[in-house]
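First up is the structure itself, then whatever we jot down about it.
Readers should treat all values here as calculations from the given coordinates under stated rules, not as data from a laboratory. Please read these numbers as outputs of a predicted model, since none were measured by experiment. Neighbour counts run over all protein chains shown; Cβ positions are idealised from the backbone, glycine included.
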Amino acid sequence: MRTSRKKRLLAAGTAWAVAAAGAVAISFGLAGSASAGEFLVNGGLESGALAPWTCSGATGSVVTGHAHSGSYALAGAAGSTDTAQCTQTVAVAPNTTYTLSAYVNGAYVYLGVNGGSSTWTPGTGGAYQKLSVSFTTAATQTSATVFTHGWYGQGTYYADDISLDGPGTPSSSPSVPSSPSPSASASASASASASASASASASASASASPSGSATSPPPAGSHALVGYLHASFANGAGYLKMSDVPDSWDIIDLAFGEPDSITSGNIHFNRCPVAQCPGVESDADFKAAIAAKQAKGKKVLLSIGGQNGEVQLTTTAARDAFVSSVSSIIDKWGLDGLDIDFEGHSLSLNTGDNDFKNPTTPVITNLISAVKTLKAKYGAKFQLTMAPETFFVQLGYQYYGSGPWGGQDPRAGAFLPVIHALRDDLTLLHVQDYNSGSIMGLDGQYHNMGGADFHIAMTDMLLAGFPVAGNTANMFPPLKPSQVAIGMPANTYAGNGYVAPAVVNQALDCLTKGTGCGSYTPRAGKQPNLRGLMTWSINWDNYNGNEFSKNFHSYFG
């Protein structure tokens with residue numbers, strides 16, 4: 001047994017990466033309260049084993065030769081489809097401030113607490129760097145899940161001396177959920193990440209006579225509740241038949257359509273197999289239930305992408321295959337449109353492609369062309385929604401692509417040219433305000449997920465417009481409020497950045513009524529016609545007693 005006690009902490013979380021390679025890591029967070037106890041177990045990994053840490057997709061391990069202190073460290077093998085998120089759930093006291101810290105080594109490493117604050121570093125230069133963030137528990141909160149993770153395709157990161165300090169006496173046995181926590185791999189980063197992630201994307205759908213118009217905004221006072229339905233997989237939320245989806249959902253995105261291979265453009269939609277979903281309905285019943293929803297005025301779309309469905313339309317052949325395969329899916333199931341939830345490395349900008357109004361990168365221009373072709377085929381009533389992560393949209397305020405001199409992450413802001421080119425065809429944009437790092441708002445301040453300010457600041461950027469990469473001569477124009485919804489996770493299992501109904505309502509009050517805005521004043525003013533809310537996911541909301549959907553209808557009537 002070692003006599004030196006290593007501090008504990010680990011975090012699993014935010015599904016986005018920093019754009020500026022070599023940028024100075026941003027430091028933020030509340031001042032921590034006086035430390036009186038260590039609340040994590042095995043934060044220094046000196047047991048030589050992971051427990052009680054759990055890591056997504058078997059990506060975490062304990063290694064020697066890379067420790068910050070002692071003999072062992074956590075290694076997270078972030079790959080092309082997994083950020084190697086590792087978490088630990090601990091008992092905490094209500095209304096109490098805690099400080100989470102860790103020493104990390106690697107590129108794009110994140111640290112935070114589910115439903116609360118997070119921080120990151122773009123890179124540590126091969127040495128260990130300390131990350132630290134503070135958070136205050138809610139009035140009735142008795143447990144917290146902390147996390148650390150890397151980023152897609154960035155390779156292995158290391159974490160050591162992870163610690164959660166706070167007042168009081170730590171519990172000898174951390175509190176854990178009564179039912180298994182879901183895998184993050186199916187998050188509609190829309191990650192919808194949720195992702196991210198991460199994650200959600202939709203496939204086009206159109207019935208023989210689809211209803212609703214993407215080009216005509218809904219009447220004033222018309223609000224929409226959007227949710228993703230786990231149609232092709234099962235996880236901890238459980239399978240939900242289409243016929244059992246409550247009528248409270250106005251737009252139902254089927255998760256997910258995925259490509260046969262990354263660059264093929266050929267999209268398939270496979271329903272959840274009986275082995276994973278014992279209660280799955282027949283194809284005939286599934287299609288009949290879709291038609292029944294549409295008869296009640298609901299829209300059913302296929303979401304393409306998600307965290308695992310990377311799509312790169314690198315050639316015109318891939319573009320054409322995308323149009324053909326998506327059309328077949330639409331026709332087979334009688335769907336109303338397409339949701340684009342491209343995450344990970346699906347969209348990035350070639351070096352020198354610096355004007356979002358005139359993109360030249362094939363994966364961007366081919367996607368725009370494909371969607372316009374689908375729109376033309378199915379007509380004005382074709383529904384088009386998008387669920388990008390903040391990294392691909394709002395981060396474009398600071399960074400766009402690889403930048404004027406190269407060296408930045410080429411994915412930064414990469415959704416902006418797609419949104420702009422399709423804005424006249426766009427039904428709804430619901431950015432995933434979750435699984436996100438800190439993002440600078442129009443007030444010049446960094447905002448962190450987990451509070452009303454984050455939703456207010458991120459949504460205001462879409463409603464007010466913003467200079468891309470800070471260039472006031474290259475403004476991203478505002479969207480109509482009827483085209484904008486706010487993306488949120490349904491509960492703490494669904495994604496990082498969950499907020500309670502009271503916080504949801506605070507954000508809505510500020511954005512639609514101009515009241516209760518806290519420290520952020522919307523530049524777009526009050527927007528009573530803000531379209532509504534999106535969540536990952538309908539299944540997780542059902543698992544959580546329909547808290548999200550009930551609150552939506554309580555607020556909007």
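Side notes on the structure shown:
- Mean Cβ neighbour count within 10 Å, used as a protection proxy, ranking 246-257, 512-523 highest first: 246-257, 512-523
- The alpha carbon radius of gyration of region 231-284, expressed as a multiple of 2.2 N^0.38 Å, is 1.28.
- Interchain or long-range residues, amide H under 5 Å from Met440's placed H: His447
- Cross-link reach list, aspartates and glutamates versus Lys357, counting only Cα pairs under 15 Å and skipping chain neighbours closer than eight places: Asp424
- Taking amide H positions as modeled 1.01 Å from N, with prolines and chain starts lacking one, the residues under 5 Å from Ser143 and 5 or more places away or on another chain are Val92.
- HN-Hα J in Hz across region 506-523 - Karplus 6.51, -1.76, 1.60, θ = phi - 60°, x for Gly and Pro: 4, 5, 5, 4, 5, 6, 9, 10, x, 10, x, 7, x, 7, 10, 9, x, 6
- Modelled FRET efficiency - R0 30 Å, Gln445 with Ser261, Cβ distances, 0.05 increments: 0.10
- Fully extending the segment from Thr316 to Asn474, taken as 0.36 nm per residue of separation minus the present Cα-Cα distance, adds 54.0 nm.
- Per-residue ³J(HN,Hα) for region 489-505, Karplus 6.51 cos²θ - 1.76 cosθ + 1.60, θ = phi - 60°, Hz, x for Gly and Pro: x, 6, 7, 5, 6, 6, x, 6, x, 4, 10, 5, x, 4, 6, 4, 5
- Inter-centroid distance (Cα atoms) of region 398-425 relative to region 493-557, Å: 27 Å
- Rounded if a/c under 1.5, otherwise prolate or oblate - region 270-322, Cα gyration tensor axes: oblate
- For region 55-85 versus region 270-292, the gap between their alpha-carbon centres in whole angstrom: 38 Å
- Of Lys241/Lys298; Lys293/Lys332; Lys296/Lys480; Lys299/Lys375, pairs whose Cα-Cα distance is over 23 Å: Lys296/Lys480
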